[in-house]
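Here the structure comes first, spelled out in structure tokens, and everything after it is commentary.
The values are calculated or read from the model by the stated rules, or taken from the named source; none is laboratory data. Here the structure is a predicted model, which is why all the values come from computation and not from measurement. Don't worry about glycine lacking a Cβ; one is built from the backbone with ideal geometry, like all the others, and counts go over all protein chains shown.
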Amino acid sequence: MKYVEKRSDDEKVIRTEILLTPLLIVAPLIVSFLLFYDWFTRDYLTGELDLFGELMLAVIILIVNIIFDVPFIRSLRALSKKKL
Amino acid sequence: MNKIVKNIRETKRKINSLDFDVHWYRRVFHAFGAAFLFYYMLPDVDWINLIKFWVPPIILVIAITLEALRLKGKISGSHFFGLRMYEQNRVGSYLFFAVAVLILLMFFPQQIAIPCILCACLADPIMGEIRHRYGKKEVYIVGFLVCLLFFMVTWYKADFRLMVLVSIVGAFGAVAGETKKFWWLDDDFMIQMVPAVLLLIIWFAAPAMGFDLPGEIIFAGEMPF
């Protein structure tokens, strides 16, 4: 698949993708943690609600995000080392 | 003062020297979409409900405005990292993705919206990766199974026969939506809306078929204070 090439000589500010990256990586992990925490406090500890679905969603979101985050961060490191 | 400016410039240069792999960036961007499920965790309080009602459309309007400015050439395309060649003169797929997510969050019951959003956020990049490494046949099989899992997880409270029906129809719709390509309508929209519409039909037909509809999967949180 071909992508639009990016010109690197017109950067007056920090690039958008660099600013977005921490959010892209951390936000799904936080949501996954919150779902897990909700299941733990309102289902596992008190049995107040049936939140098995939340637990499953937390696990799915966490696993798939880690699967994609790891090669992304690895590629980032490799490329930045090459450039610096 | 000069030293501070020099340090800022040097830091900026170092940060900007980071190079991104477009392929993985797009995958991570997709997977990030699962964070939108946070919407359902927000407490059911008046002022938060007001935010839930207004903030998503406002974000979408901002995205539409930015996209319109990009297409008109008022904003440099270099601010939109990872665009594909065919998106250069067409609306970016991220906007289709956002429109579908907004429609699902605001107008569909969460039992339908959650698996459809997960199909676009998680199944789509998985299918893309399978297509990248193997072949089309494997894409259909793996994509169907992954989507099937998402529908089963969100409908596990329903009657077993209804869960099976919904899972098969939903997974079929998601795979069909992903594989059918149109130049003017992105697969990021189709993968969410095709199963959502099919499931909405089942949603209305289920009571007439003698099935009880399942309860919510994510419960609204409680105010910490």
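Couple of notes before you dig in:
- Annotation: of all residues in segment B:54-85 being of a type in the set (Phe, Trp, Tyr) and within 19 Å of A:Glu17 (Cα to Cα), the one that is farthest from the other protein chains (Cβ to nearest Cβ) is B:Phe80.
- Extreme residue, farthest from B:Leu83 (Cα to Cα), among residues of segment A:2-19 that are in a helix (DSSP H, G or I) and either modelled with pLDDT under 75 or within 8 Å of chain B (Cβ to nearest Cβ) (or both): A:Ile18
- Entry remark, segment B:1-44: residues being part of a helix (DSSP H, G or I) and within 26 Å of the chain's Cα centre (by Cα) number 20 in total.
- Segment B:3-53, residues that are facing chain A (nearest Cβ under 7 Å) and aromatic (Phe, Trp, Tyr): B:Phe20, B:Trp24, B:Tyr25, B:Phe29, B:Phe32, B:Phe38
- Lone unmet requirement of (1) touching a Ser or Thr at 6+ places or on another chain (Cβ under 6 Å); (2) within 9 Å of chain A (Cβ to nearest Cβ) for B:Pro115: (2)
- Residue match in segment B:67-78 (condition: modelled with pLDDT of 80 or more, under 26 Å from B:Ala220 (Cα atoms), charged (D, E, K, R) and part of a loop (DSSP other than H, G, I, E, B)): no
- In segment A:36-54, the residues that are at pLDDT 90 or above form Cβ pairs under 7 Å with partners that are aromatic (Phe, Trp, Tyr) and crowded, with 19+ Cβ neighbours inside 10 Å, at six or more places apart or across chains, as follows: A:Glu54/A:Trp39.
- Residues within segment B:153-205 that are surrounded by fewer than 19 Cβ atoms within 10 Å (Cβ to Cβ) and part of a loop (DSSP other than H, G, I, E, B), tallied: 9
- Screening B:Asp124 against (1) surrounded by 21 or more Cβ atoms within 10 Å (Cβ to Cβ); (2) not in a helix (DSSP H, G or I) leaves a single unmet condition, (2).
- Test: residue in segment B:207-214 that is aliphatic (A, V, I, L, M) and buried (at least 21 other Cβ atoms within 10 Å of the Cβ): no
- Test for B:Leu148: is it touching a Ser or Thr at 6+ places or on another chain (Cβ under 7 Å), without any contact (Cβ under 8 Å) to a residue 24 or more places away in the chain, more than 17 Å from B:Phe29 (Cα to Cα) and part of a helix (DSSP H, G or I): yes
- Against the criterion of being within 13 Å of chain A (Cβ to nearest Cβ) and under 25 Å from A:Asp69 (Cα atoms), B:Arg90 does not qualify.
- Which numbered condition B:Leu105 misses (of (1) within 13 Å of chain A (Cβ to nearest Cβ); (2) touching a residue at least 60 places away in the same chain (Cβ under 8 Å); (3) within 15 Å of the chain's Cα centre (by Cα)): (1)
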